[in-house]
Amino acid sequence: MKYINHITTLALLVLVACQSKQQSSENTEEETLTPQLSLVWESDTLLTTCESALYHGESATIYVANINQGPWEKDGNGFISKLDTNGNILSIKWAVGLHAPKGMGIHDGKLYVNDIDDIVEIDLATGSISNTYTLPDNPQLNDLTIGKDGTVYASGSNSNSIHVLQNGEIVATHGLDSVQRLNGLLATDNGMYFLDFKGGAFGLLDLDAGTTSTVATGITQGDGIVQLPNNDFITSAWGGQLFYIEGKTGKSTLLLDTREQSINAADIDYISEQNLLLVPTFFHNRVMAYRVEF
């Protein structure tokens, strides 16, 4: 009887060891499942102080917001360019008459772009400005995202608030008391993700409850946010870093650092069907496109 018990115990130990080894292997695979970036193309250097890139799937066009020097100066020399998905410039000054255009979004035939204290509406068919919505008190509008219902959300880096444009009117303002300098925004079914440029937090705002939670920290100079098909994120840090952030755990991994080359990473976008990350490089005056490979 003792002999049988010893055999049973030994078998159980072997089984547990095998299971532990298998679980350890699975955990290792999960931990190392981080994407790699490879440069696919770079645009020409005519995109002066390019701050934001936005892909429009219906036309297979990339729109680029060019500040053209002073990021908060009302100098009237800002413009929007159009690129194809290979980085070729289709129209260098597709839309003009802006000051320092930054975050953009598209809905119902209109492109919306932040321009210091204005949310500017541009007709996609013509490139002409069709409306301008001005906010008071110098909010320093930065990033912009659009919900599924067409609601436009604009971050104010000076106001530390999310300003809401709906049906042609500024209808609400969501103040974020915990944020030091608000920048990146991304509207999702989960809520509103945001980046604190100065504080380094990547957070989530419940628009209904008005409550925030921290997803990740250490993203100093956080600028742009994209969500990948697997529900993880890539965020940019303006100085020249790109981070991969796991949606479930908030674990962040540095993917790229071009600070030593003085190549910034501003307001990014992602072309899902090509696994292509679009990185406007601000003072480097070009958009760089990276393949995201797991």
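Within a 10 angstrom radius of the beta carbon, how do Ser43, Ser159 rank from fewest other beta carbons to most?
Ser159, Ser43
Give a residue-ordered list of calculated ³J(HN,Hα) values for region 215-220 (Karplus: 6.51 cos²θ - 1.76 cosθ + 1.60, θ = phi - 60°; whole Hz; x for Gly, Pro).
Values, residue by residue: 8, 8, 10, x, 9, 5 Hz.
Taking the beta-carbon count within 10 Å as an exposure proxy, list Val164, Val96, Val226, Val64 from fewest neighbours to most.
Lowest count first: Val96, Val164, Val226, Val64.
Less than 9 Å Cβ to Cβ from Leu135, Lys/Arg counted +1 and Asp/Glu -1: what total charge do the surrounding residues give?
Neighbour charge sum, excluding Leu135 itself: -3.
Tally Lys/Arg at +1 and Asp/Glu at -1 over every other residue whose Cβ is under 11 Å from the Cβ of Lys110; what's the total?
Result for the local shell: -3.
Be a star and scan region 194-224 for residues whose amide nitrogen sits under 12 Å from the point 7 Å along the Cα-to-Cβ vector of Asp177.
Flagged as within label range: 211-212.
Taking 22 Å as R0, compute the FRET efficiency from the Cβ-Cβ separation of Lys198 and Asp75 and round it to 0.05.
Calculated value: 0.30.
Taking only DSSP H segments of four or more residues, each worth -39500 (n - 2.57), what value at 222 nm results for the chain once the sum is divided by all its residues, to the nearest 500 deg cm²/dmol?
-3500 deg cm²/dmol
Per 5 Å bin, what is the whole-percent P(r) computed from every C-alpha pair distance within region 41-139?
With 5 Å bins starting at 0, P(r) equals 3, 14, 27, 26, 18, 9, 3, 1, 0.
Using Cα atoms only, what is the angle between the long axis of helix 2-31 and the major principal axis of the chain, expressed in degrees (0 to 90) to the nearest 10?
Long axis of 2-31 versus the principal axis of the chain: about 10 degrees.
In terms of the Cα gyration tensor, with a ≥ b ≥ c the square roots of its eigenvalues, is region 36-293 rounded because a/c is under 1.5, prolate because a/b exceeds b/c, or oblate?
Verdict is rounded for region 36-293.
Across region 64-74, in residue order, what do the Karplus-derived ³J(HN,Hα) couplings come to in whole Hz, using 6.51 cos²θ - 1.76 cosθ + 1.60 with θ = phi - 60° and x for Gly and Pro?
10, 8, 10, 5, 6, 5, x, x, 10, 9, 8
None of the figures in this text is laboratory data; all of them are computed from the coordinates on show. Just so we're clear, the structure is a prediction, and the values are computed from it rather than from any experiment. Glycine also receives a Cβ, built like all others from the backbone with ideal geometry; neighbour counts cover every protein chain displayed.
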